[in-house]
1. Filter the stretch 554-577 down to residues that are of a type outside the set (Ser, Thr, Tyr) and surrounded by 16 or more Cβ atoms within 10 Å (Cβ to Cβ) and give me whichever is farthest from residue 598 (Cα to Cα).
2. For the stretch 449-467, enumerate the residues that are crowded, with 17+ Cβ neighbours inside 10 Å and in a loop (DSSP other than H, G, I, E, B).
3. Mind telling me which of the residues 228, 220 ends up being surrounded by fewer than 15 Cβ atoms within 10 Å (Cβ to Cβ), modelled with pLDDT under 90 and more than 27 Å from residue 290 (Cα to Cα)?
4. Residues of the stretch 491-529 being β-branched (Val, Ile, Thr) and either in contact (Cβ under 8 Å) with a residue 24 or more places away in the chain or surrounded by 15 or more Cβ atoms within 10 Å (Cβ to Cβ) (or both), which ones?
5. Identify all residues within the stretch 287-310 that are surrounded by fewer than 16 Cβ atoms within 10 Å (Cβ to Cβ) and either over 29 Å from the mean Cα position of the chain (by Cα) or in the same structural domain as residue 481 (by TED's automatic domain parsing) (or both); write none if there are none.
6. Among the residues of the stretch 311-336, count how many are within 17 Å of the chain's Cα centre (by Cα) and at pLDDT below 90.
7. Any residue at all in the stretch 19-27 that is in a helix (DSSP H, G or I), surrounded by 18 or more Cβ atoms within 10 Å (Cβ to Cβ) and modelled with pLDDT of 80 or more?
8. From the list 34, 86, 111, 75, pick out the single residue that is buried (at least 19 other Cβ atoms within 10 Å of the Cβ) and at pLDDT below 85.
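The values are calculated or read from the model by the stated rules, or taken from the named source; none is laboratory data. On a predicted model such as this, the values are computed, not experimentally measured, just so you know. Backbone-built Cβ (ideal geometry, glycine too); neighbour counts: all protein chains shown.
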Amino acid sequence: MKLIIIISNNNDYAESLAKYLEFKYKISCKIINIPEIKLFLDKKLDFCFNYISSELSLIEYNSDNTLILKNSICILDLPFNSYSFIDYDPLYNSEHINQLFTMLSFAYPEIAWVIPVFNVQDENNPHFVKWVKLLDKIEEIINEETVLYDPFGFRQSLRNAINDNQIWHKIYNIVIRDKLAAAIDEEKEYAYLHGYMAYKLGYRCFVVTSMRLFEKLFSNRKEDQNRNWPLNIELTFEDMFLNYPDKENNEINLSNLQTRDEKFKKLTEVKNRIFVTVGHKYIRWSEANKLYLKELKAKARAKGGIVRKIYKPSGGIYNTMEQAGLLKDYWKKRKDEWQKAKPGPNTEEAGGHSAPGRLLLIAEKLIDRARKILDEANTVQDCIHGALLALEAQELLGYKTPTTCLEAIALKHQLEVKAECMFYGVGYNIDMKNRFKEIEGEVKAVSEWFHPSVRKKSYLNAQLGIITELVEILRDYGQFDEELQCLKKIRKLNRQFYFLNHPGLKFVQPLRAYIDTLVGSFPLFCGALFFWPIFYGLLGYLFNTRYEGYKDGILTFWEQVANSSYTFFGLQPSSQPIDTISHVLTIFTVLTGFLHLGIFISYLYNLIFRK
């Protein structure tokens, strides 16, 4: 953890606590003082939220624009009037400090929030801590990697509070992640990326980059385990050759999979295990791992689970999901989500066409923070962090309030692509096909909330805007092939948008579609250059076209092909046509050649110049 923040109305106490924590943990502490708490709490909830958010924004970055709120702890010392999650629903028609806390925890998901209280009604509730146990709580979480993916179910509990109160506000159900995953890797970039993928798949996730946390989650020894974590991890991304820097027991070889499972038996209870490796072969336990993986796969199949081995570097988020056998599940989840997001006959009863005001306020804060990260991110972790903020905003809006939701979607994809481009662990070719599919599905779900008269235009225009912004990122990072795929998609969308606005010109749409298809594929373009001379040669042979210089003006099939080739590439006939049909066919051959060669030269120049 990089920072401890204390939000309190008792400045003397906050300063004393900050000095003690700085001395004990050698970590910087910041204080946000709430003056005149009664007057503060009498204000509207949006004022209180904006006040604390503005104070947090002042300490969000270092002087060198390093994001320091990531992995921080915030002690919220304010007078809560309830410790039950059902009273933390921010949409309930009231102005309580409990609801302010929910809004803050949604807007700052990377912060580990600690609420010190004098009495906890539910002793098993891990999110509230008695004052006398405050230091124990801080000690427990201070060295963990991140709470960004909600491993302890904190944000999920608050989301459940909203969903459980549907009788009051009747909105859509916010996405709930009731399954748990773990991204196990000593390389933080991979751990963060795999954790983010698990989160997109519908899992909360532990980022396990230390032996200390690995033992807490999976150790057989009771002294290593944390009994406050009743865990049922269903998915793991595991580095095959694992070697944590804080591992003290050199006798335990974590790279030997059978030994790893024997020492940490809770791993064997995981239903879906994805092993990630660069493919080392020349190690003494390589064959043993291979045989043990076969055994694990057989057991997983019998239980309906998955055990896969995938290789680094990957082709990005979607390619990794596909290799892991999780992509179909992901698309099923997304399609169900898009279907539920459609407006129905009871839309007005379900909260109208806009997201609730307080959720919109939170989403706007998340979007502002994600936008700043996009501009200033210089690490993979920062990009993934920003992408998660945008994803959280998108989920809170539930595709309502379309313009704001589209902004969240655009930022999410930009940050994901930027992370893939910055990450040396991602291969040269990034999967764009599935990204286009997701953009199309998300934009379509949002456009359903527009009026039918502008729905199609908004659907096309939003895709154009998002993909155009991706082109700029791909160009900056030299991802030439992916940029061409985006340009091809943009041409297609532009064509559809143009003919939507000019329905009277639809008769030329096939020609434009043909040209767009050609410039989208170099092999296809080369094939077209060979096809048309043969095609016109075949027509000349079938219609028995005649040309001067040949006996009786009659040409064999191959002579017809040779003549049409000269005409196509030379833009003039090699021999003078004799009859009308020959003249007509020659004109069409010249026009076709002129069209193709002109576009081909321009296309080839662009390819060489960009390469």
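1. 555
2. Scanning the stretch 449-467 gives 449, 450.
3. Criteria check complete, one pass: 228.
4. In the first step, residues of the stretch 491-529 are kept if they are β-branched (Val, Ile, Thr); the result is 508, 515, 517, 519.
Result: 515, 517, 519.
5. The first filter runs over the stretch 287-310 and keeps only residues surrounded by fewer than 16 Cβ atoms within 10 Å (Cβ to Cβ), leaving 287-288, 290-291, 294-295, 298-299, 301-304.
Within the stretch 287-310, 287, 288, 290, 291, 294, 295, 298, 299, 302, 303 meet the criteria.
6. Final tally of qualifying residues: 3.
7. Yes, that holds for at least one residue.
8. Numbers: 86 fails: buried (at least 19 other Cβ atoms within 10 Å of the Cβ); 111 fails: at pLDDT below 85; 75 fails: at pLDDT below 85.
When all the criteria are applied, what remains is 34.
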